[in-house]
Amino acid sequence: MTKQVRIERATIEQPMTAHRLAPLTVPPTAGQSAVDRTSAAEAADSAGTRAAIDRSAAGSSRGSIVLVLLVAAVLVAAASGIVLVGGSNAEPYILAFLAVLATVGVFSLFALACGIVRVAGGASPHPLVKAIVDGASEGIVVTDHDGRIVYANAAYLDLIDATDFNDMRPVERAFIGDADASEAIYRLLKAAREGRRLDEEVRIAGVRGRPVRWLRFRIRPLGSSRRDARLTVWSLADVTAERDRQENVFQVLQHSIDYLDHAPAGFFSVDDKGDIVYLNATLANWLDQDLAQVGSGGLKLADLVAGDGAALLTTLRGAPGEVKTEVLDLDLRTRSGRTLPVRVLHKLAFGSDGTPGASRTLVLNRARDDGTDPQRAAEIRFMRFFHRTPMAIATIDRNGGVVRTNPLFAKLFHTARGEEGEDRSILSIVAAADREALANAIAQAAVGRGDIAPVDATLAVDGERFGRFYVTAVEEEERDQEAAIVYALETTAQRELENKVTQQQKMELVGQLAGGIAHDFNNVLSAIMMATDFLLNAHKPTDPSFADIMQIKQNANRAASLVRHLLAFSRKQTLRPQVLDLGEVLSDLTMLLRRLIGEKVALNVVHGRDLWPVKVDISQFEQVIVNLAVNARDAMPNGGRLTVRTANVTAPECAQFHAKGMPAADYVLVEVADTGTGIPAKILGKIFEPFFSTKEVGKGTGLGLSTVYGIIKQTGGFVYVDSAENKGATFRIFLPRHLAGARELAAERAAESEAAAMAGDAGKRPANADLTGEGTILLVEDEEGLRQLNARGLSSRGYTVLEAANGVEAIEILEKHAGKVDLVVSDVVMPEMDGPTLLRELRSRDPSLKIIFVSGYAEDAFQKHLPAEGQFAFLAKPFTLKQLVNEVKETLAA
């Protein structure tokens, strides 16, 4: 068979028209008559060869004789008419006739020039193109829209085994009896009708003694014009030999794969993503792996290699175009979890950009030991010790270049092995500030020095990570290639824990200090406030000193507010928690917040739907929101937006906030976000410390955020901040969801009813209520000045006051006045005997005795030390004379 030639659209350029099948003729050459064409066809048949059939050429070469006779008849009729008219009268008719002929001639010339009219036989194909198509090795046949053959070359006639011209058939008729070809022929015919291109390879059963063949069918429209699109070009090629070659190659490949699959060694290939793309049957049998998972991304290198050994294979680097082979001893892992010691020969080729390609990895089984080779057993034990140790180990040369590593070192530090340059240096894995210290340790080991101090360094990776490096020297004769051994531990988690503990201890210490200071300040402030009350009672508003006394009282109240902030931070203030809907609380607080932040800052409150209830002290919670709003306002001097958002957070959703130290549970989230200047990263960890402030002197106490921290912590919640400089700040408060039991619900309803009744009574009480009373009060206070002021105030309201400096004196006085004491007002923190101990002693003598505790600490701070049945009232220091007398009267009346 001759060489195949691709036929383009230019192959057949003359217009082709469809006709019904007529006696077929051989396409003529120039000047050849019909008799010559018939003789050529007969000669071709007599010679045993087939010639191309072109019905379009015969059709286009014939003119229309009817048209010629019609034109001649018109001319004869015109001439006869002129003769009949006569010579004298014929002149106008002759001129008119000539004008008509001239007009037709001119328009014919224009039509011929524009291509509208063509001269018959003027579009004959180029003889070279025609010869190429006629002699092509591929069968070419052109059919019209009805499937009739317009052109067929000799190769097509040979492919369909046409014995003569009358035996020539279109493609669908030539192969209609072949079951294998029928479906493909149907698809080709459908594509021909739709004007599409289509290729099909079809197996043709042998006929007339021929063997089975493979034919490639191609179809396409003849051209894009409307007339050419109605013609379809079929191309048929015998590809049996090509198919045979492919089959032979496939068989050879199948044999090669079979040999590799059943080789006495394992083999696998892994790509740069860690996917196993090939695994031979031997290795699959060793590891009990399913070969169906190979190549689909279902089997990873980490599934085959035990521990972190896969990192040794994935960290190998090389220059562009380089091919490297590395020998490693590893443990592979079977599907059941058992380990298999192997020696791996890992060959890797690198592309032009340095990207590693798929590996060629040979695996030798080292588990088959008959006990005659103790060295192999020792090597396996050392390999497992070296690879499984929880410490990262690497050997390095004098310049710090990594020579070899264990898997953990490669995994933790991603050090490139086998690549020259800075990237393979161990110094590249630490921050620039710590490289000198590590380089000095390596230099000491290179000269054989021992007892080298460990080096703590920051790792040169994204995020904040730390490591500790232990450097030891090797034997002198080995220092040419390996100068030192480096043992490394990542200490990031340890550092974080240490920082967290240190911060927690610092906050606890500051809290204890603040609580102690607050207690002492409360005693002083109580005395100041009580003294100013006496002075105010003794002076009229018109007195010149009255304004000074009021100024003293106002500053005392301001100092008392600062002390409350300290107690809030130290979580030692008294809280009165109640079950609340935070949405309602924030709605009530909106107007106050708008006044606080001013007109330059826009407030946006976004309420979450169906918020869970929480149990908090409403006044303290409002203080938290106010403090955050004021801080946000100060961070937006040119205006901005303050957004307060609430939402429920379920336990599974907690992880998305990355809140360290917060257990997964149900919370109600309160988010306060601003568009201000943000908080620099270097001070972000200090913002909750008391007295820490970035504001100018006199414009802040530094207790706003520490108060927020203390209140939220004492409530059982968590507070976190997310901020970046010049990108605003977002404070997130997580308050535990409150799930009340039946008993608690009943108690809450009773408390609400009692509060409502008290509110009603308070509304009926006159503005200046009578705070005088009678009864004997035992006042226990270790601060003498404060005790005298309190006793004076109670005496001035009609009470009989007995004074005691501590609990021991109080018991002695109580025994001396047995049955006469109506109420005990006692401090909590006292020498010799504190308040809880005094309560137990008093109740053992008189169970019905009423007691009021006063303290600068929170009620919760000492309540846990009281007996479960202990009943008492509590008054927090500092307090005014009015508050003291009012509490005494209410307790006596209860």
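Among the residues making up the stretch 211-238, those that are in contact with a Pro (Cβ under 9 Å, 6 or more places away or on another chain) and open to solvent by less than 20 Å² (accessible area, probe 1.4 Å) are 231, 232, 233, 234. For beta carbons closer than 9 Å, sequence separation of 6+ or different chains, a first residue in the stretch 92-107 that is more than 17 Å from residue 71 (Cβ to Cβ) and a second that is assigned to a helix (DSSP H, G or I), the qualifying pairs are 93/78; 93/81; 93/82; 93/85; 94/82. Taking first residues from the stretch 814-832 that are closer than 13 Å to residue 800 by Cβ and partners that are part of a loop (DSSP other than H, G, I, E, B) and not hydrophobic (A, V, I, L, M, F, W, C), the Cβ contacts under 7 Å between residues at least 6 apart in sequence or on separate chains come to 822/775; 823/775.
The lone criterion from (1) small (Gly, Ala, Ser); (2) at pLDDT below 85; (3) surrounded by 17 or more Cβ atoms within 10 Å (Cβ to Cβ) left unmet by residue 463 is number (3).
Listed here are the residues, each with its yes/no results for (1) part of a loop (DSSP other than H, G, I, E, B); (2) exposed (fewer than 12 other Cβ atoms within 10 Å of the Cβ); (3) hydroxyl-bearing (Ser, Thr, Tyr); (4) at pLDDT 70 or above.
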site	(1), (2), (3), (4)
109	no, yes, no, yes
117	yes, no, no, no
120	yes, yes, no, no
128	no, yes, no, yes
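Give 338, 317, 368 a once-over and let me know the one that is of a type in the set (Lys, Arg), open to solvent by 70 Å² or more (accessible area, probe 1.4 Å), modelled with pLDDT under 85 and closer than 29 Å to residue 489 by Cα. First the steps, then the outcome.
Numbers: 338 fails: modelled with pLDDT under 85; 368 fails: closer than 29 Å to residue 489 by Cα.
Just one listed residue meets the conditions, 317.
Among the residues of the stretch 176-207, those that are open to solvent by less than 70 Å² (accessible area, probe 1.4 Å), not in a strand (DSSP E or B) and not hydroxyl-bearing (Ser, Thr, Tyr) comprise 178, 181, 184, 185, 188, 189, 191, 192, 195, 205, 206. Looking across the stretch 612-664, the residues that are under 25 Å from residue 585 (Cα atoms) and of a type in the set (Gly, Ala, Ser) come down to 619, 629, 632, 635, 640, 647, 651.
Of all residues in the stretch 785-799, which are of a type in the set (Lys, Arg) and either more than 14 Å from residue 525 (Cα to Cα) or surrounded by fewer than 14 Cβ atoms within 10 Å (Cβ to Cβ) (or both)? Answer for the stretch 785-799, where residues must be of a type in the set (Lys, Arg) and either more than 14 Å from residue 525 (Cα to Cα) or surrounded by fewer than 14 Cβ atoms within 10 Å (Cβ to Cβ) (or both): 792, 797. The condition of being buried (at least 19 other Cβ atoms within 10 Å of the Cβ), of a type outside the set (Val, Ile, Thr), out of contact with any Lys or Arg (no Cβ under 6 Å at 6 or more places or on another chain) and modelled with pLDDT of 85 or more holds for only one of 310, 349, 392, that being 392.
Would you check if residue 242 is in a helix (DSSP H, G or I), surrounded by 13 or more Cβ atoms within 10 Å (Cβ to Cβ), out of contact with any helix residue (DSSP H, G or I) (no Cβ under 9 Å at 6 or more places or on another chain) and acidic (Asp, Glu)? So residue 242 fits the description; yes.
Among the residues of the stretch 52-89, which ones are in a helix (DSSP H, G or I), of a type in the set (Gly, Ala, Ser) and at pLDDT below 70? Walk me through it before giving the result.
Pass one, the stretch 52-89, residues in a helix (DSSP H, G or I): 55-61, 65-85, 87-89.
So of that shortlist, the ones also of a type in the set (Gly, Ala, Ser) come out as 56-61, 72-73, 77-81, 87-88.
Matches in the stretch 52-89: 56, 57, 58, 59, 60, 61, 87, 88.
If you go through the stretch 245-276 and keep only what is within 30 Å of residue 315 (Cβ to Cβ) and either open to solvent by 70 Å² or more (accessible area, probe 1.4 Å) or more than 43 Å from the chain's Cα centre (by Cα) (or both), you end up with 263, 264, 272, 273. Scanning the stretch 137-176 for residues that are under 60 Å from the mean Cα position of the chain (by Cα) and more than 15 Å from residue 222 (Cα to Cα) returns 137, 138, 139, 171, 172, 175, 176. Does any residue of the stretch 196-214 turn out to be aliphatic (A, V, I, L, M), within 30 Å of residue 334 (Cβ to Cβ), modelled with pLDDT of 85 or more and in contact with a Lys or Arg (Cβ under 7 Å, 6 or more places away or on another chain)? Within the stretch 196-214, not a single residue is aliphatic (A, V, I, L, M), within 30 Å of residue 334 (Cβ to Cβ), modelled with pLDDT of 85 or more and in contact with a Lys or Arg (Cβ under 7 Å, 6 or more places away or on another chain). For beta carbons closer than 6 Å, sequence separation of 6+ or different chains, a first residue in the stretch 321-337 that is in contact (Cβ under 8 Å) with a residue 12 or more places away in the chain and part of a loop (DSSP other than H, G, I, E, B) and a second that is open to solvent by 80 Å² or more (accessible area, probe 1.4 Å) and not aromatic (Phe, Trp, Tyr), the qualifying pairs are 334/288; 335/288. Here residue 624 meets each of (1) more than 19 Å from residue 609 (Cβ to Cβ); (2) open to solvent by less than 20 Å² (accessible area, probe 1.4 Å); (3) modelled with pLDDT of 90 or more; (4) not acidic (Asp, Glu) with one exception, condition (3).
Among residues of the stretch 158-175 that are in a loop (DSSP other than H, G, I, E, B), those with a beta-carbon under 8 Å from a residue that is surrounded by fewer than 15 Cβ atoms within 10 Å (Cβ to Cβ) and hydrophobic (A, V, I, L, M, F, W, C) at least six positions away or on a different chain give the pairs 161/207.
Tell me the residue from 746, 740 that is in a helix (DSSP H, G or I) and either modelled with pLDDT under 55 or open to solvent by less than 80 Å² (accessible area, probe 1.4 Å) (or both), please. So that I can check it myself, show each step before the final result.
Values: 740 fails: in a helix (DSSP H, G or I).
Matching residue, one of 746, 740: 746.
Among the residues of the stretch 469-477, is any of a type in the set (Asp, Glu), at pLDDT below 70 and either touching a strand residue (DSSP E or B) at 6+ places or on another chain (Cβ under 6 Å) or assigned to a helix (DSSP H, G or I) (or both)?
Taking the stretch 469-477 first, the residues of a type in the set (Asp, Glu) are 475-477.
Then drop every residue that is not at pLDDT below 70, which leaves 476-477.
From what's left, either touching a strand residue (DSSP E or B) at 6+ places or on another chain (Cβ under 6 Å) or assigned to a helix (DSSP H, G or I) (or both): 476-477.
Within the stretch 469-477, one or more residues are of a type in the set (Asp, Glu), at pLDDT below 70 and either touching a strand residue (DSSP E or B) at 6+ places or on another chain (Cβ under 6 Å) or assigned to a helix (DSSP H, G or I) (or both).
The values are calculated or read from the model by the stated rules, or taken from the named source; none is laboratory data. Worth saying up front: this structure is predicted, and the values here are computed from it rather than measured. Ideal geometry is used to build each Cβ from the backbone, glycine not excepted, and the neighbour counts take in all protein chains shown. Surface accessibility is based on the protein's heavy atoms, side chains included, excluding ligands, DNA and RNA. Shrake-Rupley method; radii C 1.70, N 1.55, O 1.52, S 1.80 Å.
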